[in-house]
1. Distance between Cα centroids, the stretch 127-161 to the stretch 40-91: provide it in whole Å.
2. Can you put Phe46, Phe107 in order of Cβ neighbours within 10 angstrom, beginning with the fewest?
3. Give the angle, between 0 and 90 degrees and rounded to the nearest 10, that separates the Cα long axis of helix 8-38 from the longest principal axis of the Cα atoms of the chain.
4. Placing +1 at every Lys and Arg Cβ and -1 at every Asp and Glu Cβ, with all other atoms neutral, what dipole size does the chain have around its Cα centre, in debye to the nearest 20?
5. For every helix of n ≥ 4 consecutive DSSP H residues, a contribution of -39,500 (n - 2.57) applies; sum these over the chain, divide by its total residues, and give [θ] at 222 nm rounded to the nearest 500 deg cm²/dmol.
6. Under 18 Å Cα to Cα from Lys56, which aspartates and glutamates show up? Leave out anything in the same chain fewer than 8 places away.
7. If we count other beta carbons within 10 Å of each Cβ, what is the order of Asp8, Asp146, Asp57, fewest first?
8. Sort Met131, Met59 so that the residue with the fewest other Cβ atoms within 10 Å of its own Cβ comes first and the one with the most comes last.
Amino acid sequence: MARESLPDPERRKVLRNLWKAGAVILALEAGWTSYDFVRPRRAAGFGEMVDVGAEKDLMETLGDRRVLYSLAGRCYVTKVEGKLYALYQKCPHLGCKVPFCESSGWFECPCHGSRFNRKGEWLAGPAPKGMWRFPLEVRDGRVLVDTGKPIDGPPQGVRTVDQPPLGPHCS
Ligand code: FES
């Protein structure tokens, strides 16, 4: 059976269109590759599971005067009696950010003077309860804080550790 072929002008038109389609596909792929290369990658942030570091490092470095602050998690990680805690930075009184005072070893709110120990338990001031906590877990040696699930701090009067001030207060 004889093969039918397109007349010359028709064949040229088909080839031209194939070339154009190929060029468009190549341009799209190049554009996507460039975009994929430069687009910002979203890191886990507040409200999500935040990686705050290697468990081994945290267990070795955190102590009475040393806590870890996580900007992404808006929380502090502390170690008390060999256990890690993640405390939300927001004061349970009126919401100021509560800094850690290295000299006293307490969390001391500069706004109205509430104070908390390294487990976030209320020690003094107008805050009605201790600092909120976040659940944390260890996965493959990394400590992950679930900043989407704040847990109410313990009420005033609950004190499960004895942490007298180590030195002068900051505020
Ligand atoms: Fe912290 Fe008032 S906001 S004591």
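1. 11
2. Values: Phe46 14, Phe107 27.
Neighbour counts put them in this order, fewest first: Phe46, Phe107.
3. For helix 8-38, the angle is close to 10 degrees.
4. Numbers: 26 positive and 20 negative charges, 107 e Å.
Here the chain has a charge dipole of around 520 debye.
5. Details: 2 runs with 38 residues, N = 171.
Rounded to the nearest 500, it is -7500 deg cm²/dmol.
6. Within the straight-line cut-off, Lys56 pairs with Asp64, Glu81, Glu137, Asp140.
7. Details: Asp8 8, Asp146 17, Asp57 12.
Ordered from fewest to most neighbouring Cβ atoms within 10 Å, Asp8, Asp146, Asp57 come out as Asp8, Asp57, Asp146.
8. Values: Met131 29, Met59 14.
Least to most surrounded, the residues fall as Met59, Met131.
Any read-out appearing in this document is the output of simple, stated calculations on the displayed coordinates, not a laboratory observation. Not measured: the values here are computed from a predicted model. Reconstructed Cβ throughout: ideal geometry from the backbone, glycine too, with neighbour counts over all protein chains shown.
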